[in-house]
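In what follows, a structure is listed as structure tokens, so that the remarks can point back to it.
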Amino acid sequence: MRFENSYGDGYILKILKRISDYINRFTIRKKIIFYSYLVITPILLVISLIVFFNNYRDTLAEQIDNQAMQVTSVADSIEVLQNDVTDFSTSIYVNYEITRILTSSRPEVVNEDSQLWQNQAPTVFLRDIMALKGYIKTLAIFPENGVRIFTRCGDGSAYEDNIDVVRKMEIYQEALEGKGKVFWKRIPRNDLGIFQTNRSDKLVLYREIYDLSMAKPLGFLIIGVEVDRYVNICENAVHEREGIVILNPEGEELIRYGETEEEVVSWLKSPELVATDYRQRDVHREYGSYHVYTRQNSRNSFIICKIVPKDSFSRYWRAIAFPPLMLLLGFLGGLLPVLMFVSHVISNPLRKICIAMDQFKNGDFSQQVEVTTQGEVGEVAEGFNRMVRDIKTLIDNNYVMALREKESELIALQAQINPHFLYNTLDSLYWQAQNTGNDEIAEDILALSNLFRLVLGQGKGIITVADEKALITQYLQIQKMRFTRLLDYRIEIDGQLEHEEIPKLILQPFVENAVVHGFENAGKACYLTVTGYPSGDMMEFVIEDSGIGMTREQIEAIWQNESDREKSGQKIGRYAIKNVRERLQLRFNEDFVLTVDSKPGAGTTVTIRIPRGEKN
């Protein structure tokens, strides 16, 4: 199926044609405005897009920095609370009175004191710290030596009072294996476990207290911290559709606030991220349709993760797009009055030129446009006037006369011999030579006959390259009869050119000049090559001989006027060469190349380049 016949392509072509026809009906003034906008609008649009994308990139970078700063602020605030609770647990861990109770070898004696912890431990200090901090709600110490446990709860909760039950719990085993390491865990309200009664959501710190040699466990310490204190910190850093997730150093979820997707939270808790990426402190990642910002101040700090939807940045687009949009509209609006004024100045004189051109097209060669403006439009008008005068002069005086003169010269050359008489005579001589057995002479006569048929046949001015090649071949065969041992030649013309059409006798005169003037007085064997090949939309022919060559003065004499040529003693073959150039110039104007390069004693090279596709 042809391109035009497909429904879609044909429909598009019809639309484009209608648009083109509609634009062609515009006046010059409208066309100036239309094409100016057609050229300028894409440029302004590209500039506006560049401004838009630069603003978007800067705004996005700014928002990423702001989000990272918010996450850092949350991480720093939460780390203060975390360190306070950790330091409180450490003060209990190293307290001398508490350590003495935990290392007692006679727990039954110690337990006889009903006010054991009040009398022998700094319980007042512990109570004051809890009251001062406010967010530390519960505290429990489970001695490993059988001493009764110590608990204090400020929110109405109650710890499990049986150490044997506690030892079976997962958090106890984890603390025992940690050898004094601090662990954190979220225990929701009403989730018992370590508690007999749990009145509020808590983050609990738990660790095992060891002796100085870290060889013997002394007691299990657990501190409960209210969750709301951490949530209050997160509130100030979360906006609509955003969320914060806080993980402990092991990657377990402690707090979730705001809007979060379970899939994203599960990804954040993946062991790979916890083990590697969070060690990079500040990290910005993208997961699906979310931006995720994370920070961990130190190896033992909580991991703060903020989840922000990517489309939340769309609320900034109005501020981002407004400046480039105003820039585009401002330029286009301000350009209209300028273009209207310019088009008015240009269109009036151009309209007069268009009217004159229409009349000139209809054959009125007397048109002259009155020049009323300076600059380019005035130059166009003056150029039009000059062109009309020159064309009229060329048609009346030069072109027609010169073309008729050259055609007459060619016809005169072809008509110098009566073709029928010449052909009949040569045919008679050919058959006489054949009958007497002189085959070589017969072939030469046949070559001469074919040569004259090609030169004089039907008076054609345009022939194919194949015919010109045959003409040269017949001519060289005849000349070979004269210079049997001195002349050798080669003709190579690309097969692509054989059906191309060229003016008759544009190659043969140069071949003849090479034989007659290049080889005649050489006194040595000479070689002649004729080549032709396509070169883009041109045909290139090269005639190269190894004859006596020419000086620069002799080359220049070829192109001299007839009177000058007679004075310089040039032969008639040089006239045929000059005639070739004049005929090429008449047919192709300046769209051809004819060069002659020669050096005395080294031969001559003639190059001819003419357009392909020449027709009668």
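The values are calculated or read from the model by the stated rules, or taken from the named source; none is laboratory data. Predicted model, so just to flag it, every value in this text is computed and none were measured. Virtual Cβ from ideal backbone geometry, glycine too; neighbours counted across all protein chains shown.
The C-beta contact set for the range 524-537 (first residue within 18 Å of Q508 (Cβ to Cβ) and assigned by TED's automatic domain parsing to the domain that holds I502, second residue among the aromatic types (F, W, Y) and outside any strand (DSSP E or B), distance under 9 angstrom, 6+ apart or interchain) comprises C526/F483; C526/F519; L528/F519; V530/F510.
In the range 162-174, the count of residues that are within 21 Å of Q82 (Cβ to Cβ) and under 60 Å from the mean Cα position of the chain (by Cα) is one or more. Check whether at least one residue in the range 498-519 is over 60 Å from the mean Cα position of the chain (by Cα), at pLDDT 80 or above and among the hydrophobic types (A, V, I, L, M, F, W, C), and report yes or no. Taking every residue of the range 498-519 in turn, none turns out to be over 60 Å from the mean Cα position of the chain (by Cα), at pLDDT 80 or above and among the hydrophobic types (A, V, I, L, M, F, W, C). Taking the range 168-212 as the range and being polar (S, T, N, Q) and over 19 Å from S89 (Cα atoms) as the test, the residues that pass are N190, Q196, T197, N198, S200. Taking the range 115-132 as the range and being within 25 Å of D155 (Cβ to Cβ) and surrounded by fewer than 11 Cβ atoms within 10 Å (Cβ to Cβ) as the test, the residues that pass are Q115, V124, A131, L132.
Out of everything in the range 584-616 that is closer than 21 Å to T531 by Cα and modelled with pLDDT under 85, what residue ends up being farthest from the chain's Cα centre (by Cα)? Selected residue: A602. The set of residues in the range 92-101 that are surrounded by 15 or more Cβ atoms within 10 Å (Cβ to Cβ) and more than 30 Å from V227 (Cβ to Cβ) comprises T99, I101. Filtered by the rule that a residue be of a type outside the set (A, V, I, L, M, F, W, C) and in contact (Cβ under 8 Å) with a residue 40 or more places away in the chain, the range 75-92 gives D76, S77, E79, Q82, D84, T86, S89. In the range 216-242, of all residues being of a type in the set (G, A, S) and at pLDDT 90 or above, the one that is farthest from E174 (Cα to Cα) corresponds to G224. Only one of (1) out of contact with any helix residue (DSSP H, G or I) (no Cβ under 7 Å at 6 or more places or on another chain); (2) closer than 21 Å to F183 by Cα; (3) aliphatic (A, V, I, L, M) fails for I92. Which number is that? Failed condition: (1). Among the candidates S89, S73, S77, S104, the residue that is surrounded by 13 or more Cβ atoms within 10 Å (Cβ to Cβ), outside any helix (DSSP H, G or I) and modelled with pLDDT of 70 or more is uniquely S104.
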